[in-house]
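The values are calculated or read from the model by the stated rules, or taken from the named source; none is laboratory data. Given the structure is predicted, the values throughout are model-derived calculations rather than measurements. Cβ sites come from the backbone with ideal geometry, for glycine too, and all protein chains shown count toward neighbours. Heavy atoms of the whole protein, side chains included, go into the accessibility calculation; ligands, DNA and RNA do not. Shrake-Rupley method; radii C 1.70, N 1.55, O 1.52, S 1.80 Å.
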Amino acid sequence: MSSSSIGESDLTGLPQDFTPDLRRLKSWPSLKDSPWRQPYLARLTFGEIHNLVDEYIFGQSLRILDVGCGRGWLSLELAREGHDVIGIDSSKEMIQNAKRTMDTDPYKAERGNLEFQISDFSQWNHPAESFDLVIFSRSLHHILQPSKAVRKAHDLLKKDGQIICIEYAYDRLDKKTAAWIYQVRRSLQQSGWYKSRKKLSDKIDQSVREITEEYEAPTRKEHYNRFEEMRKPLNTLFREVHFSWEPYLYWDLIMDVRVPSEDVEMATARSIMAMETALIEANSINPVLFCFVGLKQPGKC
């Protein structure tokens, strides 16, 4: 179980000074395939996830469990906001990175309790009704038997506890959405601003098939849960207080954007995100990232 399908789990050869910390961002050019490579890209991706979580946290000084915390950047920010946080992830390398970042945090004297543990959520043991909030941030789609994971989250929450689930629904990507990805990538390629593994064909139908296959390839290699496999148990065990579709395809697109000017690259990345947001609102493409916020339903067994 890793923290993300895009942008975090694929980092290799990390610089010694790499700190995945939204308050200590700098340029790491060697992280070529990650938004962490530039501060403005990290803010536009990981920063937006943090903003979305913050928008739906109800209460102060909460006890929070961050499931699939990855490199711990979200857990760290939540602890800095005064919450007591446990972040768990099955990746030893990611948790080691999270702990190094935590230990060098210049704000550690002001934050709530923060702890990172290496564990698969299905095997993790903790007393029931211990948490005010459980967060799945792009991790539930990786977990086998998502209904059991959601049930476990329900059991770990106190009465009136809250869940925030921000998840990748890969099976929502359709032809019209792949066609939009093609149009963006094609225009960037023609500008010389796109580092592509494979040059797109002029034939749109062929390119749309290739793009669809690109996005489906990880789902064959690993098990990714479908949208309804995640949504159904959430709706069963929690009273929905918010549901929205959010932009996410831009993460993948901007990872391969290469513009000589940082200002132009930043503006290009923002425009791609804004375009995706507008197309989602107009129902012109299928979004692939959803945000579910729910409150624990008592008596659900």
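Worth pointing out:
- The packing ranking of peptides 110-121, 260-271, 156-167, 131-142, highest mean first, is 131-142, 156-167, 110-121, 260-271, where packing means the average number of other beta carbon atoms within 10 angstrom of each residue.
- Out of every Cα-Cα pair that the stretch 1-150 contains, those further apart than 22 angstrom amount to 36 percent.
- In the distance distribution for the chain, Cα-Cα pairs more than 28 Å apart total 38 percent.
- Report summary: the helix-based calculation at 222 nm, which adds -39500 (n - 2.57) for every DSSP H run with n ≥ 4 and divides by the residues of the chain, gives -12500 deg cm²/dmol.
- The stretch 168-301, relative contact order in percent, only Cα pairs under 8 angstrom and at least six apart counted: 39 percent
- In sequence order, the stretch 255-266 has phi-based couplings of 5, 9, 6, 9, 10, x, 8, 5, 4, 6, 4, 4 Hz under the Karplus curve 6.51 cos²θ - 1.76 cosθ + 1.60, θ = phi - 60°, and Gly or Pro positions carry x.
- To put it simply, the accessible area of the stretch 198-283 at a 1.4 Å probe is 50 percent carbon and sulfur.
- Of all aspartates and glutamates in the structure, those lying under 16 Å Cα to Cα from Lys232, and not within fewer than 8 positions of it along the same chain, are Glu167, Asp171, Glu240.
- With a cut-off of 17 Å on the backbone N, the residues of the stretch 248-265 near the modelled label site 7 Å out from Glu281 along Cα-Cβ are 248-250.
- Selected from Tyr107, Tyr40, Tyr194 as most flexible by GNM, with the chain as the system and alpha-carbon contacts under 10 Å: Tyr107
- Inter-centroid distance (Cα atoms) of the stretch 257-289 relative to the stretch 63-102, Å: 28 Å
- Sulfur and carbon atoms: percent of accessible area, the stretch 61-135 [1.4 Å]: 42 percent
- Label-to-label distance, Val264 versus Asp54, with points set 7 angstrom from Cα along the beta-carbon direction: 3.2 nm.
- Calculated accessible area for the stretch 1-145 comes out at 40 Å² per residue, all protein chains present (probe 1.4 Å; ligands, DNA, RNA ignored).
- Taking the chain and dividing mean pair separation by its residue count, relative contact order in percent (alpha carbons under 8 Å, at least six apart): 19 percent
- Given Lys108/Lys296; Lys152/Lys176; Lys148/Lys221, the pairs whose alpha carbons are separated by over 28 Å: Lys108/Lys296; Lys152/Lys176
- Kirkwood Rh (inverse of mean 1/r, distinct Cα pairs), the stretch 243-292, angstrom: 11.5 Å
- Relative contact order for the stretch 93-238, counting Cα pairs under 8 Å that sit 6 or more residues apart, in percent: 28 percent
- Ranked order, Arg231, Arg185 - accessible area, probe 1.4 Å, largest first: Arg231, Arg185
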